[in-house]
Amino acid sequence: MNLLELHRTVVWIYLGLAALVFVVLLRLPAGYGRHGSRKWGPALPPRPAWVLMESPAIVATILFFLAGRPFQNVTAWVFLGLWLLHYGYRTLVYPFLIRSGHSVPIVVVAMGFLFNIGNAFLNAGGLFLVAPPRPDTWLGDPRFLLGLVLFLGGLATHVHSDYLLRTLRAPGETGYRIPRGGLFQWVTSPNYLGEWVQWTGWAILTWSIGGLVFSIWTAANLFPRAVAHHAWYRERFPDYPPERRAILPFLW
Ligand SMILES: NC(=O)c1ccc[n+]([C@@H]2O[C@H](COP(=O)([O-])OP(=O)(O)OC[C@H]3O[C@@H](n4cnc5c(N)ncnc54)[C@H](OP(=O)(O)O)[C@@H]3O)[C@@H](O)[C@H]2O)c1
């Protein structure tokens, strides 16, 4: 099997996984954070768990970039820079800011770790190893520019929402409060919405099948979790804002 065939196979596997994960998570929320329990087995403290889980997205991506050697290609550097902007935040900054009251089950960390290796191949492997280098004129293409606006808007949204969630707790606190401000006015999980918009922007700005699959995966993984969070708040907080939706303003 050559690299192109391997990439196509991984695309189909990830699309199948996304469909499966969507159906399963609508019935059984992923067992970390407020939905975690001892049933999920031994767990790691949140900081090392997040670093470990997300680190392949940095390491494997850089390895694929080095293997593809697109060193003369400005567009490839821009793709790499945007990817690392997100994963630098998620892997090296976010874990040290969170005020989580929950450990993360090792099985969840392992699944995240493996997912990130395959996802790096889907995206960085697809862009730097499988597809021919994109000309530098791509950076003026309307698809790149539209995707970039969505990518940066989505990134700003989930970073800001992460901040609003974090500051609901004083250091050492573990309880939950109703989040307010920013896009929480409209939805329960603007952090997930921002993440999905960001990866949809990535799909458009790279105009790649790997990006499209990642956007679909993110929706399949995070929309059911947002629905579970929404139901959880409504059960526990009688004054939860009734007009607020789970993930898509006015819709869902
Ligand atoms: N692309 C993907 O497939 C993917 C997958 C997973 C996560 N992510 C991203 O990773 C980030 C974290 O995800 P997550 O599932 O952990 O998000 P989350 O369930 O919303 O929790 C985020 C953090 O805020 C705390 N928190 C949440 N609601 C709170 C409240 N009402 N009061 C006080 N503290 C609260 C949580 O503490 P506890 O841990 O104690 O609940 C946790 O530390 C998000 O930005 C998400 O978009 C992306």
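Express in nm, to one decimal, how much length is gained between GLU5 and LEU85 on full extension, taking 0.36 nm for each residue of separation and deducting their alpha carbon distance.
25.9 nm
Taking the Cα-to-Cβ direction at SER55 and at GLU235 and moving 7 Å from each Cα, how far apart do the two end points lie in nm?
3.5 nm
Using θ = phi - 60° and the Karplus form 6.51 cos²θ - 1.76 cosθ + 1.60, what ³J(HN,Hα) does each residue of the stretch 240-252 get, whole Hz, x for Gly and Pro?
Working through the residues one at a time gives 5, x, x, 7, 6, 9, 6, 9, 10, x, 6, 10, 9 Hz.
Under a 5 Å amide H to amide H cut-off, with H placed in plane at 1.01 Å, what residues pair with VAL187 once short-range neighbours are removed?
Long-range HN contacts for VAL187: ARG245.
With the chain treated as a Gaussian network of Cα nodes joined by springs under 10 Å, which of PHE151, PHE96, PHE121 yields the largest mean-square fluctuation?
PHE96
For ALA43, which sequence-distant residues (separation of 5 or more, or a different chain) have an amide H within less than 5 Å of its own amide H, given hydrogens modelled in the peptide plane?
It is ILE106, by chain and number.
Over the chain, what is the relative contact order in percent, taking alpha-carbon pairs closer than 8 angstrom and at least six residues apart?
Computed over the chain, the figure is 25 percent.
Assuming a ≥ b ≥ c are the square roots of the Cα gyration tensor eigenvalues, decide whether the stretch 83-189 counts as rounded (a/c under 1.5), prolate (otherwise, with a/b larger than b/c) or oblate.
Since a/c reaches 1.5 but b/c is at least a/b, the shape of the stretch 83-189 is classed as oblate.
Assign unit charges at the C-beta atoms only (+1 for Lys and Arg, -1 for Asp and Glu), then state the dipole size of the stretch 3-236 relative to its Cα centre in Debye, rounded to the nearest 20.
In total the dipole reaches around 780 debye.
Short version: ³J(HN,Hα) in whole Hz for each residue of the stretch 220-230, in order, from phi by Karplus 6.51 cos²θ - 1.76 cosθ + 1.60 (θ = phi - 60°), x for Gly and Pro, what are they?
5, 7, 9, 4, x, 5, 5, 5, 5, 4, 4
Where the centroid of each part is defined by its Cα atoms, how far is the stretch 110-187 from the stretch 81-103 in Å?
About 11 Å separates the Cα centre of the stretch 110-187 from the one of the stretch 81-103.
Once the Cα gyration tensor of the chain is found, what semi-axes does its equivalent ellipsoid get, as square roots of 5 times the eigenvalues, in whole Å, sorted largest first?
32, 20, 17
Hey, rough spin-label estimate for LEU248 and ALA19, points 7 angstrom out along Cα→Cβ, what's it come to in nanometres?
Those two pseudo-labels are separated by 1.9 nm.
Rule-based calculations on the coordinates, nothing more; no lab input. Note that the structure is a prediction, hence the values are computed from the model and not measured. So basically every Cβ, Gly included, is an ideal-geometry build from the backbone, and we count neighbours across all protein chains shown.
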